[in-house]
Structure formats: structure tokens, C-alpha cells
Amino acid sequence: MKIDRLMGIITILLQNGKTTAPYLAERFEVSRRTILRDLDTLCQAGIPIITEQGGRGGISIMEGYQLDRSLLTADELQRLIAGLKSINSVSKESKSDSLLLKLAPNKTIAALADCIMIDLSSHYRDSLSEKISLIKEAITSRRLIFFDYYYRKGQVKRKVEPYFVVFKWTAWYVLGWCIERANFRLFKLNRLWDLSITDEVFMPREVPLETISLDNALPDQNKIEILFDRSVRFRLIEDYGLHCYTETDRGLLMELNYTNRENAIAWILSFGDQAEVVAPLDVRDEIAAIIRKLAARY
């Protein structure tokens, strides 16, 4: 929608100070001509957009200008301010105060967002903020990043062309082209350590739409049936929603699609004797083997 794009352009100008029409066109997936029409619309709305030519030129909002909050509804301001505060929770340097002043000089308006609190950080906030800051710098300068990555099989070193910092599935990731695997990969930031930016510059690749959407990045291709005790109903609802199971005489029967077998089994075992795998038999046998090993250890 045009209003969403106009809001996005204003936010980028307030955050970055200066940008270019080609960048905005690529960001919002429209033509450069459309962006120029949007800028004209903003000027007509009373926002002083300045365009400078030359190597150091670009598009910016006149210095010292404060956005007239009458251009936005209270609900729009609330959503925008809440979003800024959530990003600030993982930012290395806080810039929310100056942005809030431009967006809503009236403290009453700014307080509208206080009823929504979004914290995107974790126990690793300090290191997480540092990683996100470095990755953003590498994306902007088009330089490769290098890091140690820890996963089930051990530790590996990876060199990656970074394209996006992503918050998905309750965790932060960097989406990039892995030099080792010659393909786009997602790397979880909490498993990524000793991160550094190299001096190697890369030419940006076209990122496939299905990769950007991330919905198919970890497809659920495996199915498992689990019978749960009714006492853990709250956990099932918490993890998968209100209608994720079927009531039976024996308990709550759930069909679960999963990507990672190891993670699925760990989740099932976290229920102790309140969960039983019904099918497939190979998963049931694997869990039985794990339980026997645990019994022998204890």
C-alpha cells in the first residue's frame, strides 16, 4: 500500500539521515519513478525533502525538522514507536530518543506505545548487539564476514556474504551466501562466535524470493504422532495453538510436522512420561533406546 511505503520512506530518512532513490526503489520493490512520485507526495504534505546531486548527494529531510504528528494517527504513531523501541532492544547504540523526538515531540503521544513492550534481546544481549552491529556494517560495505560456528557435529569456520539480519522462530539469524557450501544459508547468531569483517569485498547476488521469505528455509517434511497426557495441555497450546491436538479416550493426540529429528525428539523427551510416540516406529524405537541409556546412567 502507498501509505505503508510513505511511512517506510520517512522512517528510513529519519534513521539514516540520507539515502538514494535507487536504494528506496530496491527496498520497496517499485520503480524509481514511483519513488520520485512518493517524494513529491511527501513534499506536498509539508515534509521538507531535500535532494542533492553529486557523489555525496542523496535524499534527506531538512535538518532540524520535526515530523508533524498530525500527519499520522495516534494508532500509527503507537505502532511506529513500539517498533523503534523493539529494535532498540538489540541495538549497540541507542538512537530511539532522537527518533522519538522527531516523530512525537509531545510526550503524551510517545507514551501511547508504553503499553506495548517488545524485547528482542536474550541472555546474550551484549554479544548479540555487537554481532548485529558488525553484520549490518558488513552488509552496508559489501564485505565478507568470518566466524566460528557451533552445531551438532562440532565446530567449523565459515566465510559468508551477508545479506540480511533476520529475527525468526524466536531467534536471530544472518542470511547469507556461504562460500564453503556455495549456497544461501541461515546461521543462528547464538551459535556464531569470534565474528570479524574481512577486507574482501563481494558483488551482491540476487537472493531468490523463496529464500528471502524464509517460510521454506526449513520445510516441515516429516510427520510424527504423539499421545500426551491431558495435564500438559497448556504446553501444547503455548507451543502450537489452541486446536493443535485431538481429544481421545487415552489423552491428547497430536500430529506434528518437523524438520530437525534431533530437536523433535528432545522436545518430546522434555515431557517425561507424559508423552508417548505412536508413530513412526523408528522414532519410537530411537526414544526407547535413549531412555534405556538414561536408565543405565542413573
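Just so it is clear, none of the values below were taken in a lab; they were calculated from the coordinates. Computed from a predicted model, the values in this text were never measured in an experiment.
The mean of 1/r over all distinct Cα pairs in segment 2-65, once inverted, gives the Kirkwood hydrodynamic radius of 11.7 Å. Quotient of the Cα radius of gyration of segment 151-298 and 2.2 N^0.38 Å, N being its number of residues: 1.33.
For segment 126-135, the Karplus equation 6.51 cos²θ - 1.76 cosθ + 1.60, evaluated at θ = phi - 60°, returns couplings of 4, 5, 5, 4, 4, 4, 4, 4, 5, 5 Hz by residue, with Gly and Pro reported as x.
Projected onto planes of every orientation and averaged, the convex hull of the alpha-carbon atoms in segment 128-215 covers 5.7 nm². Counted over all Cα-Cα pairs of segment 222-297, pairs farther apart than 17 Å make up 41 percent.
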